[in-house]
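The values are calculated or read from the model by the stated rules, or taken from the named source; none is laboratory data. Computed from a predicted structure; not experimentally measured. Every residue, glycine among them, receives a Cβ derived from its backbone with ideal geometry; neighbour counts consider all protein chains shown. With ligands, DNA and RNA removed, areas are computed over all heavy atoms of the protein, side chains included. Shrake-Rupley method; radii C 1.70, N 1.55, O 1.52, S 1.80 Å.
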Amino acid sequence: MGRILENLRVPIAVIFSVVLIVGAYVIARSVESPSVAQASTETELLQAIATKDSDTDGLTDWEEALYGTSPTNSDSFSLGMTDGEAVAKGLIVPKAIADISVATSSPYSLSSDGLPPASPEGTLTATFATNLFSLYLEAKQANGGADLSEAELSDISNQALNSLSANISTTPDFKSANNITVSGSGADALKVFAVNAEAVLAKNTNDASKSEILYLQDVVQNDDTTALPHIASIAKSYRDSAAGLAALPVPEELSTDDLALINAMARMGEVVTDFARVDTDPLAAMLALKQYPQTVVNLSNSFARINTIYKNADISLSAGTPGAFFVNLIENAAKKQAATDTKYE
């Protein structure tokens, strides 16, 4: 064990960051995704999250979870050096190894506080980190303590990601057809629904002045943590709007597409909620980014199909008329659909 600890000096950041970026597209496979190349904004953010080092200590934020160090304190254990330097000197070792009983000659015996605290429990990043270095330790032991090649390190990273993937349950739809109350049909019923849906959306507005993806860019690329409450507000408005729409009686001809809209909004609420966790659970935010483009498409498609139903019913309401906001909203969403599909599909 001592020899493995002595030889634990691998430049893992670049290799594992690349694997995380690619793996994020593999793990969140519960939502069919568009081409990676087309979703340029999301890919750039994945790169930024995977390489972000908030405290400039030589360890990326997600690596801090591997070692049980703080992403906002460059000298987490007051060793008189950065966490990156402490890792390089062997004074801080991966949490997966620190959890294993080692001889008292371990560098940790120098600390009166014992082992460093575990990374936050229950996060995807912490789960990945622990499994990653457990696999690393096993591979080093099998290799007689010798350094591993980049290919071997990449393979270990993929094993950790695959293991995480196998343990992530597919999130079920928020509502099913059995949860929706179908009532009436025809133009009058559609107008009533428009009025009620408008009231739901008006009740669940948020304090945002721009989109969730732009706020995430502010956090990741500009270190603007004041954007996080705005992201959380947007997520809440999606969730509450989905719940409010689900409680409304819906005309028969609208029931299928209304259900799709409800589930798309609920899914968007989950995705954006994980955006807000980018500083505490980077991997969760990366997986959310993976799901984001298709979720945008699903939401846009739902609005577009509802718009078609209203158009077919020859319903057009003047601005200021109850329900007009909803009718105009779905019409505008339909107009934007082509641009959205061009970007993401």
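Check every one of the helices (runs of 4 or more DSSP H) wholly within segment 1-83 and list those with 1 or more residues that are modelled with pLDDT under 60 and more than 15 Å from the chain's Cα centre (by Cα). Spell out the reasoning first.
Details: elements: 2-6, 12-27, 40-51, 61-67.
Answer list for segment 1-83: 2-6, 12-27.
Check K236 against each of (1) open to solvent by 50 Å² or more (accessible area, probe 1.4 Å); (2) under 16 Å from the mean Cα position of the chain (by Cα); (3) farther than 30 Å from A129 by Cα and name the one condition it does not meet.
(3)
Looking for something touching a Lys or Arg at 6+ places or on another chain (Cβ under 7 Å), part of a helix (DSSP H, G or I), touching a residue at least 24 places away in the same chain (Cβ under 8 Å) and buried (at least 24 other Cβ atoms within 10 Å of the Cβ) - is there at least one such residue anywhere in segment 300-320? Working first, answer last.
The initial filter retains those residues of segment 300-320 that are touching a Lys or Arg at 6+ places or on another chain (Cβ under 7 Å), namely 300, 315.
If we keep only those that are part of a helix (DSSP H, G or I) as well, we get 300.
Remaining after also requiring touching a residue at least 24 places away in the same chain (Cβ under 8 Å): 300.
Among the residues that remain, those that are also buried (at least 24 other Cβ atoms within 10 Å of the Cβ) are: none.
No, segment 300-320 contains no residue that is touching a Lys or Arg at 6+ places or on another chain (Cβ under 7 Å), part of a helix (DSSP H, G or I), touching a residue at least 24 places away in the same chain (Cβ under 8 Å) and buried (at least 24 other Cβ atoms within 10 Å of the Cβ).
Hey, could you check segment 200-222 for residues that are closer than 19 Å to I262 by Cβ and under 21 Å from the mean Cα position of the chain (by Cα) and say which is least open to solvent (accessible area, probe 1.4 Å)?
Restricting attention to segment 200-222, the residues satisfying the condition of being closer than 19 Å to I262 by Cβ are 200-206, 212.
Going one step further and asking which of them are under 21 Å from the mean Cα position of the chain (by Cα), we end up with 206, 212.
Numbers: N206: 61, E212: 14 Å².
Once the filter is applied, the top-ranked residue is E212.
Just checking, does segment 177-193 include any residue being in contact with a Ser or Thr (Cβ under 7 Å, 6 or more places away or on another chain), in contact (Cβ under 8 Å) with a residue 12 or more places away in the chain and open to solvent by 50 Å² or more (accessible area, probe 1.4 Å)?
yes
Any residue in segment 195-204 that is assigned to a loop (DSSP other than H, G, I, E, B) and not acidic (D, E)? Walk me through how you get there before you give the answer.
If we filter segment 195-204 for residues that are assigned to a loop (DSSP other than H, G, I, E, B), which is where we start, we get 204.
From the residues that got through so far, the ones that are not acidic (D, E) too are 204.
Within segment 195-204, one or more residues are assigned to a loop (DSSP other than H, G, I, E, B) and not acidic (D, E).
Which one of A260, A232, A276 is touching a Lys or Arg at 6+ places or on another chain (Cβ under 8 Å) and in contact (Cβ under 8 Å) with a residue 12 or more places away in the chain?
On the way: A232 fails: touching a Lys or Arg at 6+ places or on another chain (Cβ under 8 Å); A276 fails: touching a Lys or Arg at 6+ places or on another chain (Cβ under 8 Å).
None of the other options fit; the residue is A260.
Determine, yes or no, whether Y292 is under 28 Å from A50 (Cα atoms), open to solvent by 30 Å² or more (accessible area, probe 1.4 Å) and in contact (Cβ under 8 Å) with a residue 24 or more places away in the chain. Break it down stepwise before answering.
Details: under 28 Å from A50 (Cα atoms): yes; open to solvent by 30 Å² or more (accessible area, probe 1.4 Å): no; in contact (Cβ under 8 Å) with a residue 24 or more places away in the chain: yes.
No, not satisfied.
Filter segment 277-289 down to residues that are under 8 Å from the mean Cα position of the chain (by Cα) and surrounded by fewer than 24 Cβ atoms within 10 Å (Cβ to Cβ) and give me whichever is modelled with the highest pLDDT.
R277
Going by what's in this entry, would T225 be described as in contact with a Ser or Thr (Cβ under 9 Å, 6 or more places away or on another chain), of a type in the set (V, I, T), surrounded by fewer than 18 Cβ atoms within 10 Å (Cβ to Cβ) and not in a helix (DSSP H, G or I)? Outline the logic, then answer.
Working: in contact with a Ser or Thr (Cβ under 9 Å, 6 or more places away or on another chain): no; of a type in the set (V, I, T): yes; surrounded by fewer than 18 Cβ atoms within 10 Å (Cβ to Cβ): yes; not in a helix (DSSP H, G or I): yes.
Answer is no for this residue.
If you scan segment 245-262, which residues turn out to be open to solvent by less than 20 Å² (accessible area, probe 1.4 Å) and of a type outside the set (D, E)?
At the first step, the residues of segment 245-262 found to be open to solvent by less than 20 Å² (accessible area, probe 1.4 Å) are 245-246, 250-251, 254, 258, 261-262.
Scanning segment 245-262 gives L245, A246, V250, P251, L254, L261, I262.
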